[in-house]
Every structure is written in structure tokens, then in C-alpha cells.
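Written out below as C-alpha cells is the structure these notes cover.
The values are calculated or read from the model by the stated rules, or taken from the named source; none is laboratory data. This one's a predicted model, so the numbers in the text were calculated from it and none came from an experiment. In this analysis, Cβ positions are derived from the backbone assuming ideal geometry, glycine residues included, and neighbour counts consider all displayed protein chains. Quick note on the areas: whole protein, heavy atoms, side chains included, nothing else; ligands and nucleic acids left out. Shrake-Rupley method; radii C 1.70, N 1.55, O 1.52, S 1.80 Å.
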Amino acid sequence: MKEDKEIKTQNKTKIRIWTSTLLQKGSVITLSEDQSHYLCNVMRLKNGMEILCFNARDGEYLTQIIKISKKETQIRVLEQTRAATQTPDIWLMFSPIKKDRMDFLIEKAVELGIKKLVPVITQYGITDKLRSERIILQMVEASQQSERLDVPELKIPQKLEAILDNWDQSRILFFMDERRDGKSCAQVFNENHSEKVAILVGPEGGFSEQEAKLLYSKPFVIPVSLGPRILRAETAVVASLSIWQAVSGDWKSKEEL
Ligand code: SAH
């Protein structure tokens, strides 16, 4: 046990890099130019140093740098440090908000364990074009920092109506509704444990009456209240995901599992 703990502590300080390349003991893989720049110029790593590489399919591996420059880095894959694991199937559906607040929203949603990030086009949402490349990079960084083994998937932005029309009815959609008297968050999550869920948070302007009516008309939608105060969208994301993880997700201690 002590040995494991020691390895865990040592690995805690190691840089973590996500790569979609197959991670197999003994193989040599080449990281991207951006990753090489980060490791070589920013983190000033040298040949022989160790980093952790991970992805959802293979888990996490200790690797050693065998060649490094700002353009190219080659690493040799050593032993596996963490096996791939299943994570809760929780999606965050959000209506885009102003850039700096959205950066915060995305980073927190990744730390709070979402599996998919679903941008929803709503009547009062920001209509600026979503910069998917940038969002994916933000999610990779937050996954590396939060020691996740996977990076959430970013869905293509769609209108709320279209998403609801094609909805997989076996997935509960928790509608964060600031205007009506939905049941409290903890109560709803406690009463509706499910393998597949989604949380929907509206934009600064909230949902239109029409959108609220449409949502209430769907059997898979459960309205939820986050209390008497109006939270900013990014606050509602953090609050609802935190409560869900605590009540129904993977925020359980080893004893509770
Ligand atoms: N300006 C809007 C509020 C939007 S808040 C208005 O006054 O109507 C942004 C989003 O956060 C909301 O659409 C909702 O999804 C969520 N939210 C904020 N406060 C909430 C609360 N008390 N209960 C449930 N959801 C809330």
C-alpha cells in the first residue's frame, strides 16, 4: 500500500499530457508540435525526464522523454499508472454566454466531470460563432489539470427545439429553471438516480416563455430549482453539477462505493 501511495505522490507532480495515440508499454510515440513547444519551451523538460500520458481508452501511463525539441517530442511508454475507468454519463447543455464567463463555465464543467458539452442555441443566447477548436483545447487543459482520464466530447451547437426533437428518451434532462417553482436540486437528484442524465442551463437572458413551455411538455424533462436567488449561468453550472456529483455521481468515498 505504502509503495502505491509513494508512486501516487511522485506522479502527482508529473505533467499530464492527453494523447489519442495508442498507449502501449514499450512503444515510442511522437507528441504534437504544440505539446512539444509546451514541454520544451514552457516547462523546460529534458531528455530522460518523465511525464504521464493518458486517454479514455488506454488509461494513464508513465512515459519517458527520449527526444525533445520545440518542434518534436518523442516519448517511450513505460508502465500503466491508472487503468481506464467508466465515468458518470452526465452531459452539460448550455446556452453560450460572454467569452470570459464562458471560459470559466467550460473549465469548471470539465473539473466537475461532464462527459459531453452540448452548446444549445436559444432565443436569448449569445449568437457569436462558437470557437470549437479553442473550447476543445480548454477542455484538454482542464482534463490534464484535474487528473481526468478522458476529455469531454464537444457536440455541434444546435437549436433547443432540434435537440429535444431527437432526444434519447432514456436520458433524463434536468432543466435548471430559475422562474418557476421546480423542486429543489438535491431532492430531484435524490429522487431520480439514473445512468444517463443531462443538465440544461440557460443564458444570461434566461429561457423564453415558449422555450420553457416546450421543455415542460417533454416527459423526459424534470424542472429543478437552485433556490430563491438568480444565479449567473456559470454559477448555476457549478452548483447543479456539484450537487449532482455529490448526490448521484462519483463524488463518493471508497467506503460509500
Ligand atoms: N436573467 C435571467 C436569469 C438567467 S440565469 C432571468 O432573470 O430570467 C442563467 C441560467 O442559470 C438560467 O436560465 C437557469 O438555467 C440557471 N439559473 C439561475 N438561477 C437559477 C435558480 N435559482 N434556479 C434554477 N436555475 C437557475
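At a probe radius of 1.4 Å, what is the per-residue accessible area of TRP167, in Å² to the nearest 10?
That residue has around 20 Å² of solvent-accessible surface.
About the Cα centre, and with charges only on the beta carbon of Lys, Arg (+1) and Asp, Glu (-1), how big is the dipole of the chain? Nearest 20 debye, please.
Here the size comes out at about 580 debye.
Hey, how many Å between the Cα centroid of segment 57-109 and the Cα centroid of segment 14-39?
Using only Cα atoms, the two centres lie 11 Å from each other.
Tell me whether segment 52-126 comes out rounded, prolate or oblate; compute the Cα gyration tensor, take square roots of the eigenvalues as a ≥ b ≥ c, and use a/c under 1.5 as the rounded threshold.
oblate
Would you please put 225-232, 37-44 in order of how densely packed they are, using the mean number of other Cβ atoms within 10 angstrom per residue and starting with the highest?
37-44, 225-232
Tell me, what is the percent relative contact order of the chain, built from C-alpha pairs under 8 Å that lie six or more residues apart?
Once normalised by length, the contact order is 18 percent.
For the pair ASP34 and GLU133, how long in nm is the line joining their label points, each one 7 Å along Cα→Cβ?
If labels sit at ASP34 and GLU133, their model points lie 0.8 nm apart.
Under 14 Å from a point placed 7 Å out from the Cα of ARG76 along the Cα-to-Cβ direction: which residues of segment 13-31 have their backbone N that close?
Only 25-29 pass the distance filter.
Please report, as a whole percent, how much of the solvent-accessible surface of the chain comes from carbon and sulfur atoms (probe radius 1.4 Å).
Carbon-and-sulfur percentage of accessible area, whole number: 53.
Can you give me the relative contact order of segment 132-257 as a percent, contacts being Cα pairs under 8 Å and 6 or more apart?
29
So how far apart, in nm, are the two label points at ARG229 and GLU255 if each is 7 Å from Cα heading toward Cβ?
Each label point lies 7 Å from its Cα, and together they span 3.2 nm.
Which parts of segment 47-75 would a label at LYS155 reach, counting a residue when its backbone N lies under 19 Å from a point 7 Å out along Cα-to-Cβ?
Correct set: none at all.
Determine the calculated [θ] at 222 nm for the chain from helices alone, applying -39500 (n - 2.57) to every DSSP H run no shorter than 4 residues and normalising by the residue count; nearest 500 deg cm²/dmol.
Dividing the helical sum by the residues of the chain leaves -9000 deg cm²/dmol.
Would any residue of segment 216-233 have its amide N under 18 Å from a label point 7 Å out along Cα→Cβ of TYR124? List them or say none.
216, 223-233
Order THR73, THR127, THR85, THR235, most accessible first, counting only protein heavy atoms with a 1.4 angstrom probe.
THR127, THR85, THR235, THR73
Could you check the simple spin-label distance between SER194 and ASP165, using points 7 Å along Cα→Cβ, in nm with one decimal?
Calculated label separation equals 2.2 nm.
Which ³J(HN,Hα) values, rounded to whole Hz and listed in residue order, are derived for segment 52-57 from phi using the Karplus coefficients 6.51, -1.76 and 1.60 in 6.51 cos²θ - 1.76 cosθ + 1.60 with θ = phi - 60°, glycine and proline given as x?
9, 10, 8, 6, 5, 6
For segment 1-151, with every protein chain kept in place, what is the accessible area per residue (1.4 Å probe, Å²)?
56
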